[in-house]
Amino acid sequence: MENLTDAQLITLYIEGNHKAFDGLINRHSQAVYRFTFKLLNNSDEAHDVTQETFIKAWKNIKKFDHDKNFKTWIFSIARNAAYDKLRKKKSVSFSSLDEEENEFDANIPDDQLLPHEIFEQNEKIELVRKALEAIPFDQKTAVLLHHGEEMTFEEISEVVDKPMNTVKSQYRRALISLKKLIEDQNAPKA
């Protein structure tokens with residue numbers, strides 16, 4: 001099933017091959033988790049949202065428009081579920097940091113790096129993570145999908161259901177905000 005496209009897996013599932021949906025989960029679950037973790041900055045919530053995302057996809061797979069891209073559809077579901085999770089929290093503080101989740105899962109230091117290089121790399125990652133926490137959800141989504149998931153602006157537009165120019169604008173504003181936040185964090189304290 002690894003050689004089949006998402007569309008072929010969906011067709012097989014609808015025709016009764018229940019293993020085909022497992023193929024979709026195996027193909028996309030890590031990327032969905034990584035994306036939701038970066039949005040929510042909480043491992044347990046990201047696992048919950050990832051699971052919720054695939055349950056919603058499973059329930060609605062027969063409604064899936066085969067002319068659309070499954071990856072953008074699943075990320076749209078994930079984004080909406082993460083947003084709902086944030087909205088349901090009574091007090092969301094985007095600048096609060098969860099001490100136990102202080103790195104991205106994907107940041108495993110290269111064994112060839114020297115200790116001081118690893119430390120500097122981790123400091124830079126932490127600066128970016130803190131800056132991402134401080135920007136609006138839509139801007140953060142655009143940056144994470146474009147850089148983390150290598151989606152085009154057209155694909156991101158499908159995920160967030162907004163015009164491509166709006167997505168590009170949110171992305172540009174995010175980069176400006178991130179640059180300023182990182183510069184402010186690096187500024188010498190008087």
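Readers should treat all values here as calculations from the given coordinates under stated rules, not as data from a laboratory. Note that this is a predicted model, so its numbers are computed, not measured. Cβ atoms come from the backbone with ideal geometry, glycine included; neighbour counts cover every protein chain shown.
For the stretch 1-89, the Kirkwood hydrodynamic radius comes to 13.3 Å, computed from all pairs of different C-alpha atoms. Cross-link reach is defined here as a Cα-Cα straight distance under 18 Å, omitting same-chain residues fewer than 8 places apart; for K180 the lysines meeting it are K124, K130, K140, K189. In terms of packing, defined here as the mean over residues of other Cβ atoms within 10 angstrom, the peptides 44-57, 5-18 line up highest first as 44-57, 5-18.
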